[in-house]
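The values are calculated or read from the model by the stated rules, or taken from the named source; none is laboratory data. Owing to the predicted nature of the structure, the values given are computational and were not obtained by experimental measurement. Cβ: placed from backbone, ideal geometry, glycine included. Neighbour counts: every protein chain shown.
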Amino acid sequence: MNMKEDRPMHLKAYRYRIYPNKQQEGYLSKVFGCVRFVWNKMLDEKMNARNETGHIPQITPAQYKEEYPWLYEVDSLALSNAQLHLEKAFRNHFSNPKRFEKPSFKKKRYEQSFTTNSVNGNIKIDFDEGTIKIPKLDMPIKVKFHRKFEGHVKSIIVRKKPSGRYYVSILVHENIEPLKPVYSACGIDVGIKDFTTITQGNGIDKKRLHIPNPKYLEKTEKMLKKLQRQLDRKAHPRRKGDKTKKSKNYIKYAKRVAKLHERITDQRMDFLHKLSYVVIHENQVIVAEDLNVEGMLKNHHLAKAISSVSWSKFIDMLKYKADWYGREFIKEDRFFASTQNCSICGYKNPLLKDLSVREWTCPVCGTHHDRDENSSDNGYEIGLTHLKQLVGQELPEFTPVEKSSVDDRAAMHPKSTSSLKQEATTSTSGR
């Protein structure tokens, strides 16, 4: 197989939980506040200038430091990055207003964050001591390093979640070794009942994997509703315009709701990372649908279920991990009717525009199809054709993967077995 021997450097982010002490929490809170202030101040001036003159001026945080000297107390790079992020938000909005909303003002009650760059060793990481040193903070912060990395640190993002937990995301410039080539391709069809249906093989042996939807949100929805009802009963400003502070009970239950939301997000991300890891390691060519998720979300009956399964995030993971590890990722043409076309003879069934039709029989070749399996089979055929071109010769007569790692995820990650109770059911089908 003609593969590149020298892989370029890649940017890879590692997220760790950090445990600042009271003094460090005070400094981080100050940085969060200054970054939020600068963002809101620049946004307000830009919007006013646009309304008056039709043009958006370029504003830097430096011009505020004379009037607000307390801005000198925090990392200047964090303030500069706030400016860059705001300018990027405006560019995105003007280039594609349907996808990107115009920048909005930041609020203290939401997630707080700031970004700073690695310059002249101002960020120091000690894996042995389990600490990270950030600019303008004398004492290093304790970090729980669940894994190490090698490479040059480019920047870090420090975040405080609404739950009160702190995290640091470290962006590293590193050389990622490509995986050993495998003679296997796969087609992926995503859904709601089954999160995904995967058809993979080498042209000789083919198998299908049905990965059930873990439904993390649905499983905790009852508890979430209960906590939100309890939160609503806590002290609120009772009259319009009342500036009464929220009670301690309100803050307590708000954190409990935020922690539950954070847990759901972590479970979902854990599931997506592990599944995408297996797909990338077992296949040389990965073919996935090009879904119009924004259009599908307009269906109010399915919007909640579609948002919960995170199709777009899964496809994005496959794409960047394929780039990291030397795999080929292909998106089907959005107008290619992978569900409607018979994977055996190519007949197009016009009746399958109705989502309620889950199975059908091809009137030309007589093959009985499951809707999702047929779609993944069509993707698999595209991947197999591309794999043959990549190899440049006929595939050898052996199965590249003796046993699917999807069925062994619990064994691979013994500490996370609770998130892997939904096992893939495998059904083998020959041509």
Considering only the stretch 112-151, how many residues are exposed (fewer than 15 other Cβ atoms within 10 Å of the Cβ), in contact with a helix residue (DSSP H, G or I) (Cβ under 8 Å, 6 or more places away or on another chain) and not in a loop (DSSP other than H, G, I, E, B)? 0
Test: residue in the stretch 33-50 that is touching a residue at least 60 places away in the same chain (Cβ under 8 Å), polar (S, T, N, Q) and either in contact with a Leu (Cβ under 7 Å, 6 or more places away or on another chain) or outside the structural domain of Leu387 (by TED's automatic domain parsing) (or both): yes
Would you say Glu101 is surrounded by fewer than 18 Cβ atoms within 10 Å (Cβ to Cβ) and in contact with a helix residue (DSSP H, G or I) (Cβ under 7 Å, 6 or more places away or on another chain)? yes
Any residue in the stretch 154-172 that is surrounded by fewer than 15 Cβ atoms within 10 Å (Cβ to Cβ), in a strand (DSSP E or B) and out of contact with any helix residue (DSSP H, G or I) (no Cβ under 8 Å at 6 or more places or on another chain)? no
Picking from Leu179, Leu231, Leu227, Leu209, the residue that is more than 30 Å from Gln112 (Cα to Cα) and touching a Phe, Trp or Tyr at 6+ places or on another chain (Cβ under 8 Å) would be Leu179
Scan the stretch 76-123 for residues that are touching a His at 6+ places or on another chain (Cβ under 8 Å) and of a type in the set (Phe, Trp, Tyr) and jot them down. Phe100
Please name all residue pairs, on different chains or six or more residues apart, with Cβ atoms under 9 Å, provided the first residue is in the stretch 16-31 and is in the same structural domain as Leu71 (by TED's automatic domain parsing) and under 14 Å from Ile156 (Cβ atoms) and the second residue is surrounded by 13 or more Cβ atoms within 10 Å (Cβ to Cβ) and among the acidic types (Asp, Glu). Val31/Asp75
Subset of the stretch 231-250 that is exposed (fewer than 15 other Cβ atoms within 10 Å of the Cβ) and at pLDDT 80 or above - its residue that is farthest from Val309 (Cα to Cα): Lys248
Condition check: out of contact with any Phe, Trp or Tyr (no Cβ under 8 Å at 6 or more places or on another chain) and either in a loop (DSSP other than H, G, I, E, B) or closer than 30 Å to Gln389 by Cβ (or both). Does Arg109 satisfy that? yes
Per the list (1) under 24 Å from the mean Cα position of the chain (by Cα); (2) crowded, with 17+ Cβ neighbours inside 10 Å, residue check on Asn175 breaks on (2)
Single unsatisfied condition, Thr199 versus (1) touching a Lys or Arg at 6+ places or on another chain (Cβ under 6 Å); (2) over 25 Å from Ser307 (Cα atoms); (3) not in a loop (DSSP other than H, G, I, E, B): (2)
Going through (1) under 21 Å from Asn122 (Cβ atoms); (2) surrounded by fewer than 20 Cβ atoms within 10 Å (Cβ to Cβ); (3) among the hydrophobic types (A, V, I, L, M, F, W, C) one by one, Ile192 fails only at (1)
For the subset of the stretch 122-158 comprising residues that are among the charged types (D, E, K, R), in contact with an Asp or Glu (Cβ under 9 Å, 6 or more places away or on another chain) and without any contact (Cβ under 8 Å) to a residue 60 or more places away in the chain, which member is nearest to Cys34 (Cα to Cα)? Lys133
Can you tell which of Glu67, Glu52 is over 29 Å from the mean Cα position of the chain (by Cα), exposed (fewer than 15 other Cβ atoms within 10 Å of the Cβ) and not in a helix (DSSP H, G or I)? Glu67
Which pairs have Cβ atoms under 6 Å, sit 6 or more apart or on different chains, and link a residue in the stretch 355-369 that is free of Cβ contacts under 8 Å to residues at least 40 places away in the same chain to one that is of a type in the set (A, V, I, L, M) and surrounded by 13 or more Cβ atoms within 10 Å (Cβ to Cβ)? Cys365/Ile344; Thr367/Ile344
